[in-house]
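Scroll down for the structure; my scribbles are underneath it.
Read-outs throughout are calculated quantities, based only on the coordinates presented, and are distinct from any laboratory measurement. Just so it is clear, the model here is predicted, and its values are computed rather than measured. Every residue, glycine among them, receives a Cβ derived from its backbone with ideal geometry; neighbour counts consider all protein chains shown.
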Amino acid sequence: MNRSEFMKLAFGASAALFSTRSFGFNFRPASSYDGPFTLPPLPYAYGALEPSIDKMTMEIHHDKHHQGYVSNLNKAIDGTPMAKMSLDDIVMSVDNKTSMAVRNNAGGHWNHSFFWKIMGPNAGGVPTGALATAINKKYGSFDNFKEEFTKAATTRFGSGWAWLIKDGNSLDIISTPNQDNPMMALAEKKGTPIMGLDVWEHAYYLKYQNKRADYVKAAWDVFDWNNIGKNFS
Ligand code: MN
């Protein structure tokens, strides 16, 4: 009997929830894996983004999906030089030679940590200040910008993200597949994320089912332009 079979026998289905170290039976729940990265708390209540994003989606998205990226990233970098690197540095280092485990989970941890902060209760509205000026300069109006961003979010095939990025002072709207990120070395169009929208089905399926466009439309009511503006300045 190998270790995995032993654990199945000893712990039943819950064995799948445990991660293991390289030697011995020093296993622990994935949620308390003591790697270098930890799940940041959601900066508002789970239900705070209702009705745009429902409470149960936020609970599962933050506590299960985001936690999964954190735990799997810690496992993927355990015992490697990346265990001493910052998350930004790991993400920026991702190229075509990087393992899929690091690429997906470092991206997943970065993207979700960013995502929670650019939304909030009592948000929505329009950007102000330098970001408003830059958006108007590039897209003509906020409505045109919304249309372009919405197109990027709704046309991304399968799982991924829509992004507003800056490269120097220039803005661009792009989308990336899976948990890729515009800062990654392998990104087709590189830049610093200003805002982003998760268009994985796990981000909206409970409330919106297959209607991604309705979720994207509702997201404009929870984007926090105060925090997004800070990403631009
Ligand atoms: Mn997600």
*How do the peptides 44-53, 110-119 rank, highest first, by the average count of neighbouring beta carbon atoms within 10 Å per residue?*
110-119, 44-53
*Roughly how many whole Å is it from the C-alpha centroid of segment 83-105 to that of segment 148-173?*
21 Å
*Rg and Dmax [Cα atoms of the chain; Å; Rg one decimal, Dmax integer]*: 19.0, 66
*When only C-alpha pairs under 8 Å and at least 6 residues apart count, what is the relative contact order of segment 54-233, in percent?*
27 percent
*For Ser170, Ser71, what's the fewest-to-most ordering of other Cβ within 10 Å of each Cβ?*
Ser170, Ser71
*Calculate how steeply helix 129-139 sits against the longest principal axis of the alpha-carbon atoms of the chain, using the helix alpha-carbon long axis, and give the answer as 0 to 90 degrees to the nearest 10.*
80 degrees
*For segment 163-233, just say rounded, prolate or oblate: build the C-alpha gyration tensor, square-root its eigenvalues into a ≥ b ≥ c, call rounded for a/c under 1.5, and beyond that prolate if a/b exceeds b/c, oblate if not.*
oblate
*Relative to the first principal axis of the alpha-carbon coordinates of the chain, what is the inclination of helix 142-155, with its axis defined by its Cα atoms, in degrees from 0 to 90 and to the nearest 10?*
30 degrees
*Theoretical gain in end-to-end length, His202 to Met56 [0.36 nm per residue, Cα-Cα removed]*: 51.5 nm
_Charged-residue dipole, Cβ positions (Lys, Arg, Asp, Glu), the chain about Cα centre, Debye nearest 20_ = 280 debye
*Quick one: if you stick a label point 7 Å off each Cα along the C-beta vector at Ser113 and Asp167, how many nm between them?*
2.5 nm
*Specify the angular offset, from 0 to 90 degrees and rounded to the nearest 10, of the alpha carbon long axis of helix 100-117 from the longest principal axis of the alpha carbons in the chain.*
50 degrees
*Roughly speaking, what is the stretch gain from Ala213 to Asn144, that is 0.36 nm per residue apart minus the C-alpha to C-alpha distance, in nm to one decimal?*
23.2 nm
_Assuming 0.36 nm per residue, please report the length gained on full extension of the stretch Ala83 to Lys97 beyond their Cα-Cα distance._
3.3 nm
